[in-house]
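Some notes on the structure that comes next.
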Amino acid sequence: MKPEKHVLVIDDEDNIRKILGAMLTQEGYGVDEARNLSEAKAILKASEIQVVICDLRIGREDGLSFLRWMKEDRQSQPVIILTAHGTVDTAVDAMKQGAFDYLAKPFERSELLSVIRKALLTFQYHEGSRIKTIPAGTPQLSMIGQSGKMQRIYQLIEKVAPTDTTVLITGDSGTGKELVAQALHDFSPRKDKPFIKINCAAIPGTLMESELFGYEKGAFTGANGSKPGRFELADKGTLFLDEIGEMSMEMQVKLLRVLQEKTFERVGGLRSISVDVRLIAATNRDLEQLVKEERFRGDLFYRLNVVPVHLPPLRERPDDIPKLARFFVNKFSERLKKLEPSISPEALELLTQFPWPGNIRQLENVIERLMVIHDDGIIQPDHLPEEILEFEEERFRKTQEAPNSLKDVVKDYTRKIEKKMIEEALSDTSHNVTQAARKLNISRKGLQLKMKELGLR
Ligand SMILES: Nc1ncnc2c1ncn2[C@@H]1O[C@H](COP(=O)(O)OP(=O)(O)OP(=O)(O)O)[C@@H](O)[C@H]1O
Ligand SMILES: [Mg+2]
């Protein structure tokens with residue numbers, strides 16, 4: 001089968017091209033290779049390329065000038081920059097010049113594949129919108145994280161986004177549920193139509209019905225005019241029901257009816273309205289459990305849970321923490337117009353160890369707070385908030401108390417036996433040290449020392 005997706009690899013080193021070529025071909029991508037920029041430009045003009053991987057240094061040329069050429073020539077393919085280990089700063093420059101992402105050598109196969117996958121998604125999005133230059137502010141898949149768990153999420157988004165299937169996104173608070181909902185919309189054919197969100201926890205039960213379905217004039221006191229609901233606003237687009245677990249039983253019945261019959265009426269209205277809406281729901285609750293407790297309708301649950309997407313808590317993907325932390329440091333230094341500091345390896349280690357009960361949102365908040373007070377230079381452990389330092393101290397204390405080494409155990413055990421034997425000998429000899437020493441076959445002096453050591457006086 002002819003590969004549908006083509007990657008252009010630009011590097012003057014044969015080895016790198018060979019390795020990348022092999023990894024990508026194995027995954028079913030078509031691979032074109034260029035040894036210098038003029039070859040690369042020629043290939044880009046002549047063939048269909050979806051993603052470019054470009055080394056930062058190609059002989060005497062460099063990746064940054066290639067990025068500039070891409071921009072001038074209105075080439076819209078995402079470019080992934082390859083950098084040598086330790087030149088991350090230049091990589092960040094490259095991102096500012098429009099690179100899609102960077103890969104630091106040596107990289108893992110899984111890292112490569114997930115960057116490529118994200119780049120392809122982005123490219124498909126821009127192609128779909130038929131705009132050759134990428135307008136500022138258009139969505140990229142703005143999710144950071146290369147862990148296996150995140151890759152499975154990207155794969156799911158890639159598969160499910162183009163369909164009209166209902167998706168139920170679950171995961172703890174701050175794991176990125178809303179980001180996934182947005183991505184499902186942004187990468188769908190509905191992307192130019194509205195993405196309407198409603199937070200079921202924030203709207204009181206009594207208002208929920210009119211919020212969702214709208215109302216007609218005079219429907220209730222205060223209804224001086226008529227108003228469309230979110231279902232109508234989301235027509236041809238996507239409706240995102242956030243925190244669906246908080247929806248009242250009464251509203252659940254009404255929602256289910258609409259999903260089954262595909263029509264509804266505004267509150268106080270008679271006209272039946274039908275809309276074309278793609279539904280996405282999210283919750284941090286265990287809906288199956290709520291169904292068991294009869295606090296959530298089973299039939300509604302099954303209607304929503306057509307494709308489940310579960311976002312793992314951050315502590316289950318610690319590999320993603322360094323990249324997320326750097327991403328937020330970059331984000332807030334730009335926002336606060338500060339020089340971007342680097343994070344010391346020790347501070348990064350503490351961030352990676354921390355269990356992050358508030359997940360990515362908590363990490364984001366911690367970095368934001370830190371950047372507001374941070375003046376310049378490197379971020380060190382003592383710049384980190386109290387909660388992280390305390391956690392580290394606690395962890396350290398536990399390792400101190402933790403099961404001892406074999407040597408310690410033997411020592412401890414020996415002491416106990418010695419103590420017991422000496423006590424017995426002493427009691428047998430009515431505390432006559434000389435006789436007890438003879439019994440134990442050691443010198444009197446030796447016994448006295450031992451007794452002192454073991455606190456037997
Ligand atoms: N993979 C990611 N990469 C970068 N930023 C992320 C990622 N996941 C989440 N975020 C950021 O973390 C914050 C929390 O994400 P989001 O609001 O999507 O979480 P949520 O699961 O909806 O949380 P809640 O249950 O509290 O509503 C947002 O600012 C979001 O941009
Ligand atoms: Mg949310």
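With respect to the conditions (1) surrounded by fewer than 22 Cβ atoms within 10 Å (Cβ to Cβ); (2) within 12 Å of ligand 1 (Cβ to nearest atom); (3) over 16 Å from VAL306 (Cα atoms), GLU211 lacks only one, and its number is (2).
If we scan the stretch 353-374, do we find a residue that is β-branched (Val, Ile, Thr) and over 18 Å from the mean Cα position of the chain (by Cα)? Break it down stepwise before answering.
Narrowing the stretch 353-374 to residues β-branched (Val, Ile, Thr): 360, 366-367, 372-373.
Next, from what is left, pick out any that are over 18 Å from the mean Cα position of the chain (by Cα): 372-373.
The answer is yes, given that some residue of the stretch 353-374 is β-branched (Val, Ile, Thr) and over 18 Å from the mean Cα position of the chain (by Cα).
For (1) modelled with pLDDT of 95 or more; (2) among the hydrophobic types (A, V, I, L, M, F, W, C); (3) more than 20 Å from VAL92 (Cβ to Cβ); (4) crowded, with 16+ Cβ neighbours inside 10 Å, each residue gets a yes or a no:
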| residue | (1), (2), (3), (4) |
| --- | --- |
| PHE328 | no, yes, no, yes |
| LEU351 | yes, yes, no, yes |
| LEU363 | yes, yes, no, yes |
| LEU370 | no, yes, no, yes |
| LEU384 | no, yes, yes, yes |
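Evaluate the stretch 402-414: report whether one residue or more is touching a residue at least 12 places away in the same chain (Cβ under 8 Å) and out of contact with any helix residue (DSSP H, G or I) (no Cβ under 8 Å at 6 or more places or on another chain). Quick ask: steps written out before the conclusion?
As a first pass, look at the stretch 402-414 and keep what is touching a residue at least 12 places away in the same chain (Cβ under 8 Å): none.
No, that holds for no residue.
Looking only at the stretch 273-304, residues that are away from ligand 2 (no atom under 16 Å from the Cβ), hydroxyl-bearing (Ser, Thr, Tyr) and touching a strand residue (DSSP E or B) at 6+ places or on another chain (Cβ under 9 Å) come to 1 in all.
Inside the stretch 266-365, counting only helices (runs of 4 or more DSSP H) that do not spill past its ends, which hold 2 or more residues that are within 12 Å of ligand 1 (Cβ to nearest atom)? Quick ask: steps written out before the conclusion?
Numbers: elements: 287-292, 298-304, 321-335, 345-353.
Where helices (runs of 4 or more DSSP H) fall fully within the stretch 266-365 and carry at least 2 residues being within 12 Å of ligand 1 (Cβ to nearest atom), they are 321-335.
Quick check on LEU241: is it within 16 Å of ligand 1 (Cβ to nearest atom) and surrounded by 15 or more Cβ atoms within 10 Å (Cβ to Cβ)? Spelling it out, LEU241 is indeed within 16 Å of ligand 1 (Cβ to nearest atom) and surrounded by 15 or more Cβ atoms within 10 Å (Cβ to Cβ).
Right, ALA425: in a helix (DSSP H, G or I) and touching a Gly at 6+ places or on another chain (Cβ under 8 Å) or not? Even if it seems obvious, please write down each step before you answer.
Numbers: in a helix (DSSP H, G or I): yes; touching a Gly at 6+ places or on another chain (Cβ under 8 Å): no.
No: the conditions fail for ALA425.
For the stretch 190-208, the condition of being surrounded by 21 or more Cβ atoms within 10 Å (Cβ to Cβ), assigned to a helix (DSSP H, G or I) and within 16 Å of ligand 2 (Cβ to nearest atom) holds for none of the residues.
Counting the residues of the stretch 244-265 that are within 16 Å of ligand 1 (Cβ to nearest atom), surrounded by 23 or more Cβ atoms within 10 Å (Cβ to Cβ) and in a helix (DSSP H, G or I) gives 1. Given the conditions (1) charged (D, E, K, R); (2) more than 16 Å from ligand 1 (Cβ to nearest atom); (3) within 21 Å of GLU288 (Cα to Cα), which single one is not true for LYS177? Answer for LYS177: the failing condition is (2). For the stretch 53-75, filtering for residues that are of a type in the set (Gly, Ala, Ser) and surrounded by 15 or more Cβ atoms within 10 Å (Cβ to Cβ) leaves 1. Looking only at residues in the stretch 157-174 that are closer than 20 Å to ASP101 by Cβ and surrounded by 18 or more Cβ atoms within 10 Å (Cβ to Cβ), the one that is farthest from ligand 1 (Cβ to nearest atom) is ALA161.
The values are calculated or read from the model by the stated rules, or taken from the named source; none is laboratory data. For clarity, every value in this text was computed on a predicted model and none was experimentally measured. So basically every Cβ, Gly included, is an ideal-geometry build from the backbone, and we count neighbours across all protein chains shown.
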